[in-house]
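Data block below; observations after.
The values are calculated or read from the model by the stated rules, or taken from the named source; none is laboratory data. Everything quoted here is computed from the prediction, not taken from an experiment. Here the Cβ positions follow ideal geometry from the backbone for every residue, glycine too, while neighbour counts run over all protein chains shown.
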Amino acid sequence: MKALRSIKGSRAIIGLAAVAALALIGFAFPTAPGHAQEPSLSAPGSESGGLGSKIAFTRISQQGTCGTQDTNEGEIWLMNGDGTEQTRLTHNSTFDLGAVWSPDGQTVAFYGFDTTNPNVGPHIFLIPAAGGDQTPLTNMGADMRARFPSWSAATGKIAFDNGGPNFGDIFVINPDGTGLQQLTDSTADRNIRPDWSPNGQKIAFQSGLGNNAEIYVMNADGSDVTQLTDNSSMDAAPAWSPNGQKIAFQSSRDGNTEIYVMNADGTDQTRLTNYPGRDQDPDWSPNGQTIAFERDIEPISCQLLQVFTMNADGTDPTPLTGLPSENGHPGWGRGHLVEP
């Protein structure tokens, strides 16, 4: 198992912008330990996931059957859990992805980067789910990076990575920009893609370079790192189930990128999808009965991704988005009612 060192003190590796405006918004974050361990309840007639079920995702405009790009700018969109009422959320010049929801369902965090300037790293932004101005959470300096936010429903903290092609570490921060902590200190292992457990006590993440990444978990302070997967292929993008008992992830262990699920201790690793194209980036519905993911649509040679859902056992894969746009990286709100 790779050695990862926990660092509990704040580190100034990633600079932070002052986000005083956030304090005026008055976010309410549940802080009771174990708050999110209870599965969200489904309201009668709610669609595909439970009360207030909403999915944030990235949309890229395309043209033609094989999706010739007419823009390199991705934007964050929102839709209901059944794919209806698709609404654009961000309007900017950056490529936006990795969207996740605040615990109260009123805010979306995502990261964006400038595709025309590779020297400027990606950064995390917050935007009201009802629309409005986006606010930078992390510093816009050229040598700083922040990606793949994960927002804890139990503690209100945001975990993220500063990963690049061959490096990365996991950090946590408060949504007002304070309290930065670096949890791992082993950039050669490329520790990326953090995801909070529902009770806020653990973080799952992937660690490793190239096609030899594995899934690990650690305590919320970076201690007690435990390896869950162990094979010669890539295991990536872990996602905790709402009840904390399962972790979904993607793996190429069977020769193609597919969605798998395992117990939270790494046992009973089970393949859910069996498709000749890519199935990746899983995320659970609020009630834990459904998984959203992205899949290559036909013809697979075009490598055009769309958002799908399937039952938690892998049955009934159903597309929620389609051409002429490419759509991917779904992030499911955890059952919080978002007012129209």
Discussion item. Looking only at the stretch 237-263, filter to residues that are surrounded by fewer than 18 Cβ atoms within 10 Å (Cβ to Cβ) and touching a Lys or Arg at 6+ places or on another chain (Cβ under 8 Å); which one of those is nearest to Pro299 (Cα to Cα)?
Written reply: Asn256
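Is it the case, given these coordinates, that Gly288 is part of a loop (DSSP other than H, G, I, E, B), touching a residue at least 60 places away in the same chain (Cβ under 8 Å) and either out of contact with any Asp or Glu (no Cβ under 9 Å at 6 or more places or on another chain) or within 22 Å of Ala99 (Cα to Cα) (or both)? Don't jump to the end; show me each part of the working.
Values: part of a loop (DSSP other than H, G, I, E, B): yes; touching a residue at least 60 places away in the same chain (Cβ under 8 Å): yes; either out of contact with any Asp or Glu (no Cβ under 9 Å at 6 or more places or on another chain) or within 22 Å of Ala99 (Cα to Cα) (or both): yes.
Yes; evaluated as a whole, the condition is true for this residue.
In the set Ile203, Ile158, which member is within 26 Å of Asn119 (Cα to Cα) and aliphatic (A, V, I, L, M)?
On the way: Ile203 fails: within 26 Å of Asn119 (Cα to Cα).
Being within 26 Å of Asn119 (Cα to Cα) and aliphatic (A, V, I, L, M) holds for just one of Ile203, Ile158, which is Ile158.
If a residue has to be acidic (Asp, Glu) and either surrounded by fewer than 21 Cβ atoms within 10 Å (Cβ to Cβ) or within 14 Å of the chain's Cα centre (by Cα) (or both) to count, how many in the stretch 169-204 make the cut?
Of all residues in the stretch 169-204, those acidic (Asp, Glu) come to 169, 176, 185, 189, 195.
Remaining after also requiring either surrounded by fewer than 21 Cβ atoms within 10 Å (Cβ to Cβ) or within 14 Å of the chain's Cα centre (by Cα) (or both): 176, 185, 195.
Here the count works out to 3.
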Worksheet item: For Ile127, all conditions in the list (1) surrounded by fewer than 18 Cβ atoms within 10 Å (Cβ to Cβ); (2) within 25 Å of Gly328 (Cα to Cα); (3) among the β-branched types (Val, Ile, Thr) hold save one; what is the number of the exception?
Response: (1)
Worksheet, complete the sentence: Looking across the stretch 302-317 at residues that are in contact (Cβ under 8 Å) with a residue 40 or more places away in the chain and farther than 21 Å from Ala236 by Cβ, the single one that is surrounded by the most Cβ atoms within 10 Å (Cβ to Cβ) is Cys302
Practice prompt. Return the only residue of Ser251, Ser241, Ser233 being under 20 Å from Lys157 (Cα atoms) and of a type in the set (Gly, Ala, Ser).
Written response: Ser241
Worksheet entry | First in the stretch 166-177 and closer than 14 Å to Trp196 by Cβ and touching a residue at least 60 places away in the same chain (Cβ under 8 Å), second anywhere and outside any loop (DSSP other than H, G, I, E, B) and among the charged types (D, E, K, R), Cβ under 9 Å, 6 or more apart | Phe171/Asp161
Worksheet entry | Residue within the stretch 228-237 that is assigned to a strand (DSSP E or B), in contact with a Pro (Cβ under 8 Å, 6 or more places away or on another chain) and more than 17 Å from Ser186 (Cβ to Cβ) present | yes
Practice prompt. Please go through the stretch 217-236 and pick out each residue that is crowded, with 20+ Cβ neighbours inside 10 Å, touching a residue at least 40 places away in the same chain (Cβ under 8 Å) and under 19 Å from Ile259 (Cα atoms).
Written response: Val217, Thr229, Ala236
Practice prompt. Find the residue count for the stretch 207-216, including only residues that are surrounded by fewer than 22 Cβ atoms within 10 Å (Cβ to Cβ) and among the aliphatic types (A, V, I, L, M).
Written response: 1
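Kindly indicate whether Ser48 is touching a Leu at 6+ places or on another chain (Cβ under 9 Å) and either surrounded by 13 or more Cβ atoms within 10 Å (Cβ to Cβ) or at pLDDT below 70 (or both). Talk me through it step by step, then tell me what you get.
Details: touching a Leu at 6+ places or on another chain (Cβ under 9 Å): yes; either surrounded by 13 or more Cβ atoms within 10 Å (Cβ to Cβ) or at pLDDT below 70 (or both): yes.
Taking the combined requirement at face value, the residue satisfies it.
Yes/no per residue for (1) assigned to a strand (DSSP E or B); (2) at pLDDT 95 or above; (3) over 25 Å from Arg190 (Cα atoms):
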{"position": "Ala248", "(1), (2), (3)": "yes, yes, no"}
{"position": "Asn256", "(1), (2), (3)": "no, no, no"}
{"position": "Thr267", "(1), (2), (3)": "no, yes, no"}
{"position": "Asn274", "(1), (2), (3)": "no, yes, yes"}
{"position": "Phe308", "(1), (2), (3)": "yes, yes, yes"}
Discussion item. With the requirement that a residue be touching a residue at least 24 places away in the same chain (Cβ under 8 Å), closer than 22 Å to Ser61 by Cα and either touching a helix residue (DSSP H, G or I) at 6+ places or on another chain (Cβ under 6 Å) or not in a strand (DSSP E or B) (or both), what does the stretch 96-115 give you?
Written reply: Thr115
